[in-house]
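Take a look at the structure below.
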Amino acid sequence: MRLFLALVPPPALRRRFGELADTAYAHCSGKRVPDDNLHLTLAFLGEQPERQAEELADWLSGTRVAPGQWRLDRWGHFARPGIVWIGGEPESDLVQLQQSLRAELEDIGIASQPRRFTPHVTLLRRAEQPPGPSLPDFAEDWSYTRAALVLSEPIGQGSRYTPLAWSRV
Ligand code: 3AM
């Protein structure tokens, strides 16, 4: 089972991210992430056996994530895979959150990626152009209280994401 830990946006914010994905697509082309898949990855766990997935679900259900607010106000780009994303200040509380989850995962024997974390929400993959200055300014605040353990399954050309467990609030 292919698993990752993520923050999942509430519905109104997801729609707003979807509008930003449409805007990015109009400028950069590529493959737009469907609204249902928009998220922030905290830790990519890779392929895990079903039993390990159950243990991870138990662990996360008993774990509390420090609630916080993240301001997204900038366009970003990872050149090599052609990813266009939105994010915010590189030094956010999310960095501490990612590091503490990574350390807890290590304690239960699970390695996770990435080691160096740039908080972002991927909007486009295989973009043909990087985001340029013609993209509009924006600012969105994301109040988060919990993280999800998400199952990623291939469907057609893309992936279906299903939350399996949530952290305690
Ligand atoms: O949220 P983003 O798009 O940054 O790119 C994948 C996605 O991140 C990432 O995990 C998230 C859910 O699929 N991912 C996939 N394979 C990965 C790998 N081998 C990976 N991250 C690190 N290493």
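The values are calculated or read from the model by the stated rules, or taken from the named source; none is laboratory data. Everything quoted here is computed from the prediction, not taken from an experiment. Counting neighbours? That spans all protein chains shown, and the Cβs are built from the backbone with ideal geometry, glycine included. Just so you know, the surface numbers come from the protein's heavy atoms only, side chains and all, with ligands and any DNA or RNA stripped out. Shrake-Rupley method; radii C 1.70, N 1.55, O 1.52, S 1.80 Å.
Looking at region 107-116, which of its residues are surrounded by fewer than 18 Cβ atoms within 10 Å (Cβ to Cβ) and within 16 Å of the ligand (Cβ to nearest atom)?
Scanning region 107-116 gives ALA111, GLN113, PRO114, ARG115, ARG116.
If you take the residues of region 69-92 that are modelled with pLDDT of 95 or more and open to solvent by 50 Å² or more (accessible area, probe 1.4 Å), which of them is farthest from GLN129 (Cα to Cα)?
GLN69
Here's the yes/no breakdown for (1) closer than 17 Å to TYR161 by Cα; (2) in contact (Cβ under 8 Å) with a residue 40 or more places away in the chain; (3) more than 15 Å from the chain's Cα centre (by Cα):
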{"position": "GLY30", "(1), (2), (3)": "no, yes, yes"}
{"position": "HIS39", "(1), (2), (3)": "yes, yes, no"}
{"position": "PHE44", "(1), (2), (3)": "yes, yes, no"}
{"position": "GLU50", "(1), (2), (3)": "yes, yes, yes"}
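Within region 39-51, take every residue that is part of a loop (DSSP other than H, G, I, E, B) and more than 9 Å from the ligand (Cβ to nearest atom) and give me the one that is surrounded by the fewest Cβ atoms within 10 Å (Cβ to Cβ).
Step by step, filter region 39-51, then rank; the result is PRO49.
Is it the case that LEU123 is over 15 Å from the mean Cα position of the chain (by Cα), within 14 Å of the ligand (Cβ to nearest atom) and within 19 Å of PHE44 (Cβ to Cβ)?
no
Those residues that are within 24 Å of ASP58 (Cα to Cα) and of a type in the set (S, T, N, Q), I need them from region 105-142; list them, please.
Once the filter is applied, which keeps residues that are within 24 Å of ASP58 (Cα to Cα) and of a type in the set (S, T, N, Q), region 105-142 yields SER112, GLN113.
Of these, ALA103, ALA66, which one is out of contact with any helix residue (DSSP H, G or I) (no Cβ under 9 Å at 6 or more places or on another chain), open to solvent by 20 Å² or more (accessible area, probe 1.4 Å), of a type in the set (A, V, I, L, M) and on the phi < 0 side of the Ramachandran plot?
ALA103
Would you check which residues across region 2-46 are closer than 21 Å to SER152 by Cβ and of a type in the set (Phe, Trp, Tyr) and list them?
Of everything in region 2-46, those that are closer than 21 Å to SER152 by Cβ and of a type in the set (Phe, Trp, Tyr) turn out to be PHE4, PHE17, PHE44.
Looking only at region 97-150, count how many residues are touching a residue at least 40 places away in the same chain (Cβ under 8 Å) and either part of a helix (DSSP H, G or I) or under 22 Å from GLU19 (Cβ atoms) (or both).
31
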